[in-house]
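Here is the structure we will look at, set down as structure tokens.
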Amino acid sequence: MATRKISDIIADMRAAATDDGRDFATLAEKTNERAAELEAILAKEKADERFAFIMTMLILLFVGTFAVITYMSNDDLRDDVTQKKEIITKYEKAVSHDTIHTYIGEDGKEITVPSLLDDNLKLMNKINDLEFKLDQYEMKLQSIEAQYGIKVVNDKNLYHLEGRKVDSALLLLPVFRDKMTYDSIKKQWTISVNTNISK
């Protein structure tokens, strides 16, 4: 049965009450039908009211939650802005009271950050070159020390050489170099000296 409007049901009830041709049983039956229709309409309206109440409460909950979150976010944002303003104020006070130093190089020009970086790079390259040369000299010195038993002695910042294998052959080498020959079979050097003594 389709649900009708309350005004239609009331109009039917008035028509039935004023109809003299109906008997009491028919009137009672029609009244019960109309009452059932009214109860269904009232139940539907109650359900609609409950649904509207629940939807209203959900919307209020959503709006309330949104308002609280927005307030908290705004409060955090205000605190953040306040902190940053304090930092900027402290920086401005520090900068306004500090003396700005300008450095002049040997050439009379102002030293800038790029020029300092360039000078630093040149010095780093020079240090790397010197370290490489120092490593090479140390390797040569170690080779000489191992081969000839020579060691460098530092005596109060005065350096001299000491050698345990240095003998008279090293001293005689410049004098007799042209007269020396090496025998690879015997593994020895021979000095040819003219023994003819003129009288």
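The values are calculated or read from the model by the stated rules, or taken from the named source; none is laboratory data. Worth saying up front: this structure is predicted, and the values here are computed from it rather than measured. Heads up, the Cβs are rebuilt from the backbone with ideal geometry, glycines too, and the neighbour counts pull from every protein chain shown. Surface accessibility is based on the protein's heavy atoms, side chains included, excluding ligands, DNA and RNA. Shrake-Rupley method; radii C 1.70, N 1.55, O 1.52, S 1.80 Å.
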Quiz item: So what does Ser7 come to for accessible area, using a 1.4 Å probe and Å² rounded to 10?
Solution: 80
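Of all the Cα-Cα pairs you can form in the stretch 25-93, what percent are over 14 Å apart?
When every Cα pair of the stretch 25-93 is considered, 77 percent fall beyond 14 Å.
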Practice problem: Between beta-carbons, use under 14 Å as the cut-off and find the net charge around Met139, counting Lys and Arg +1, Asp and Glu -1. | Solution: -2
Quiz item: Expressed in nm to one decimal, what extension gain is obtained for the pair Thr112 and Leu134 from 0.36 nm per residue of sequence separation less their Cα-Cα distance?
Solution: 4.7 nm
Quiz prompt | From the C-alpha gyration tensor of the stretch 41-158, square roots of 5λ in Å | solution = 82, 30, 13
Quiz item: With each label point set 7 Å from Cα along the Cα-Cβ vector, what nm distance links Asp48 and Asp79?
Solution: 4.9
Quiz item: Using a 1.4 Å probe, how large is the accessible area of Arg50, given in Å² and rounded to the nearest 10?
Solution: 140
Exercise. With a cut-off of at most 11 other beta carbons within 10 Å, and DSSP calling the residue loop, which chymotrypsin sites (Phe, Trp or Tyr not before Pro) in the stretch 41-140 qualify? Please list them.
Key: Tyr103
